[in-house]
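As structure tokens, the structure follows; a few thoughts come after it.
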Amino acid sequence: MTDNTWTDHLSHWRTFLSEMLITLDDVGEQIKVERQLKTIERVSYAAVLNPKVLIEFINPTDGSLPQAEEYDYFLNLNDSQKNAIKIALGNNALSLIQGPPGTGKTQVIAEICLQLYRKNPDVRILVCSETHIAVNNLISRISEYDDSIRIVRIRDKEQNSSVDKFSPEEIISTYIEWLQINCISQDAIDIISENLSDHEDRSLEKALALSANIAGMTCNRINAYEFESSSEMFDVVIIDEVCKATLPEILAPLTIAQKAILVGDPKQLPPVFCSEEIDVIRSIEKCNLQNYLYIEDLFLKSKNVSVLDTQYRMTNQIGKLIGDLFYDGELKNGRNIEGENSTIWVDYTSSELWPRYEANRVEKPKIYNLDECRIITSILKELDDNAEILTSVAVIAPYRHQAATLQGLMQKEHFRCLNVNVDTIDGFQGKECDIVIFSLTRTVGSFRFLGDVRRLNVALSRARDKLYIVGDLSYAVNHRILKRIADYCVKINSDTHLGFLSRNQ
Amino acid sequence: MKVKIDFSLCRRFGVVEQTIFRLILNGLTNPQQIGAFLWVFSDEVIANSLRKLVNQQIIRVDIESRKLSLSDAVVALIEICMHSSFEIDIPNEILLVTDNSDYSIEKTAIEARTAILVKLLPNVKRSFLIGLAKCFDFRICKGGEIYD
């Protein structure tokens with residue numbers, strides 16, 4: 001990337017955030033944006049704790065070779081995972097790991113943390129992501145392997161029971177209990193208890209984060225603390241789901257990192273701007289924030305990129321579809337379960353055009369499809385009737401209103417064996433289920449949102465065992481990728497004639 | 001009006017510095033013991049906090065005996081705050097605002113805090129007191145009933 005492109009991009013972010021600040025009413029959001037602006041300023045003056053990480057982020061140099069060192073691995077890993085770990089643990093300031101769906105990103109991150117801890121029991125690692133759920137997944141996985149690692153999870157808003165014990169509140173409460181039993185000086189107990197009683201005190205959170213081997217928090221939370229000197233730097237910062245994070249979110253952890261490892265998949269969903277944000281972007285001259293993603297560029301240009309090439313989530317049939325459509329056939333199947341009839345297109349003739357045309361409507365149309373809602377309900381009932389064990393099912397749709405309509409319907413249903421979760425595709429990124437039912441929703445109009453290649457990748461790659469695509473084929477075949485999916489369903493199910501299931505309205 | 005002055009470590013010091021300061025104030029002088037009590041924080045975090053307090057001349061380290069103690073300036077400040085009271089004119093406007101309770105001098109101009117320190121420690125160099133003023137918040141307490 002040329003200096004100008006980077007400077008312009010950073011400048012667009014600065015202008016965008018400044019404009020957003022004027023439009024926001026919510027105090028919490030204002031504080032978040034103000035902090036992001038501060039990070040942008042710091043980065044633009046290279047006022048970060050280790051400029052090497054930033055320089056490598058802006059101008060990737062030739063990659064360093066992976067460490068020749070052979071590691072004694074804690075976990076079962078394939079060759080591509082081992083290679084990613086070697087590059088990440090090498091002497092480069094910044095490395096990237098591309099992890100397609102189900103390829104064991106979390107496993108790789110856990111192994112990196114365990115290796116770093118074994119090498120240095122005082123190591124300081126910051127694991128972060130743009131969502132609380134992703135951070136909790138990481139913390140929960142890492143904590144399974146070694147209970148001597150000091151872990152702290154800062155400001156968990158998900159109330160995830162598996163990581164609750166790592167909250168400052170729990171840590172301090174256990175510590176005070178210990179003090180009361182083991183400390184003979186009541187004065188000291190009183191002083192310490194009183195000083196550490198405010199669990200949301202930022203200086204307490206910061207001190208605990210810097211005292212831990214692994215601190216977990218969201219990227220935005222980092223901006224709440226002042227890390228003043230290199231003695232307050234993290235040895236390694238790992239950002240998960242990096243392609244889903246915005247540039248200011250990525251930059252926050254980089255400002256306090258001795259070394260950074262970015263993990264994500266540029267072929268899955270990027271950050272999404274809400275309509276108010278899009279209006280602000282459009283009001284800024286030559287602003288490219290909607291079209292240009294710096295992190296995608298970095299994955300292309302950096303020499304320190306490793307790719308995880310084997311997926312363990314999906315049956316071979318689903319895995320091959322994902323590999324062929326989105327990864328040039330380079331994605332291997334590691335689960336080795338063929339999964340007959342595991343990808344099925346459910347075709348139907350729509351009773352009317354969806355979204356409905358409403359002549360007097362001023363706002364954007366609400367996109368939902370009652371035909372597909374009915375079909376999905378009947379598929380779920382059939383699945384429930386035939387299920388013998390508890391099965392997780394995700395019903396996902398590209399559009400918020402369709403997801404909400406389906407959610408409303410599911411509340412009225414009672415399933416014996418199915419645990420049904422309804423969400424948008426964007427909301428379901430990073431999660432997986434035994435069975436996924438993907439509602440295309442539209443039967444007319446633009447493919448711009450529904451047909452986005454990254455959104456389709458996420459939609460199709462969540463299912464472990466079975467994937468249903470519910471859509472009006474006469475509409476879908478007009479889109480290149482959707483047509484390929486339909487063709488694939490016919491091909492793999494030709495023996496059983498299950499390529500298309502037709503549902504009559 | 002007769003007042004007494006009290007002080008505390010200002011809020012730019014985090015909980016670890018505040019705790020260590022209070023432990024030393026309470027007579028705990030062995031850094032290893034302090035570290036052992038505060039094991040919930042890493043050695044590096046505790047060392048950084050000690051460094052910050054030493055650099056700001058709030059505490060000092062006796063290398064030979066490996067003991068921590070309050071700096072001379074802080075000891076002098078405690079002495080004067082404990083044993084002296086001062087006659088000052090507090091404008092009615094301030095008295096009304098403070099509702100007859102203590103008047104806190106936090107986040108105020110460094111000049112105000114330096115002026116208090118100059119009054120409390122008249123024999124100490126002003127340049128030194130400016131540095132110290134950045135470390136403390138003050139409370140003016142009416143008549144002395146609060147601190148007694």
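Read the figures in this text as sums done on the coordinates, not as results from a lab. Note that the structure is a prediction, hence the values are computed from the model and not measured. For neighbour counting, all protein chains shown are included, and Cβ atoms are generated from backbone atoms with ideal geometry for every residue, glycine included.
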For the range A:278-283, what does the Karplus curve 6.51 cos²θ - 1.76 cosθ + 1.60, with θ = phi - 60°, yield as ³J(HN,Hα) per residue in whole Hz, taken in order and with x for Gly and Pro? 5, 4, 5, 4, 5, 7
Mind checking the range B:1-68 for trypsin sites (Lys or Arg not before Pro) that DSSP puts in a loop (not H, G, I, E or B) and that have at most 11 other Cβ atoms within 10 Å? B:Arg11, B:Arg66
Pick from B:Val75, B:Val118, B:Val40: which is most flexible by mean-square fluctuation in a GNM of chain B where alpha carbon atoms under 10 Å apart are linked? B:Val40
Please sort by residue number the GluC sites (Glu not before Pro) in the range B:1-94 whose DSSP state is loop and whose Cβ has at most 16 other Cβ atoms within 10 Å. B:Glu64
Structure-based [θ]222 nm, chain A - -39500 (n - 2.57) summed over DSSP H runs of at least 4, per residue, nearest 500: -13000 deg cm²/dmol
Label points 7 Å out from Cα along the Cβ direction at A:Tyr145 and A:Lys165: separation in nm? 1.8 nm
Gain in length, A:Ser44 to A:Ser193, computed as 0.36 nm per residue apart minus the alpha-carbon separation, to one decimal in nm? 49.5 nm
Quick check: the angle from helix A:27-44's long axis to the longest principal axis of chain A, C-alpha only, nearest 10 degrees? 70 degrees
Binned at 5 Å from zero, the C-alpha pair distances of the range B:11-72 give percents of 4, 19, 35, 29, 12, 2, 0
What's the exposure ranking of A:Lys491, A:Lys259, B:Lys119, going from fewest to most Cβ atoms within 10 Å? A:Lys491, B:Lys119, A:Lys259
Along Cα→Cβ, 7 Å out, is where each label goes; now give me the distance between the ones at B:Ile110 and B:Asp72 in nm to one decimal. 2.3 nm
With a ≥ b ≥ c taken as the square roots of the eigenvalues of the C-alpha gyration tensor of the protein assembly as shown, please select rounded if a/c is under 1.5 and otherwise prolate if a/b is larger than b/c or oblate if it is not? prolate
Dipole magnitude of the range A:187-283 about its Cα centre (Cβ charges: Lys, Arg +1; Asp, Glu -1), debye to nearest 20: 660 debye
Which loop GluC sites (Glu not before Pro) in the range A:38-138, with loop taken from DSSP, have no more than 13 other Cβ atoms within 10 angstrom of their Cβ? A:Glu69, A:Glu70
Computed about the Cα centre, the charge dipole of the protein assembly as shown from +1 Lys/Arg and -1 Asp/Glu charges at the Cβ has a magnitude in debye, to the nearest 20, of 1020 debye
Would you mind computing, in nm to one decimal, how far apart the modelled labels at A:Lys483 and A:Ser173 are, each placed 7 Å from Cα along Cα→Cβ? 6.0 nm
Hey, what do the phi angles of the range A:201-208 turn into as Karplus ³J(HN,Hα) couplings, whole Hz, using 6.51/-1.76/1.60 and θ = phi - 60°, x for Gly and Pro? 5, 4, 5, 5, 4, 5, 4, 5
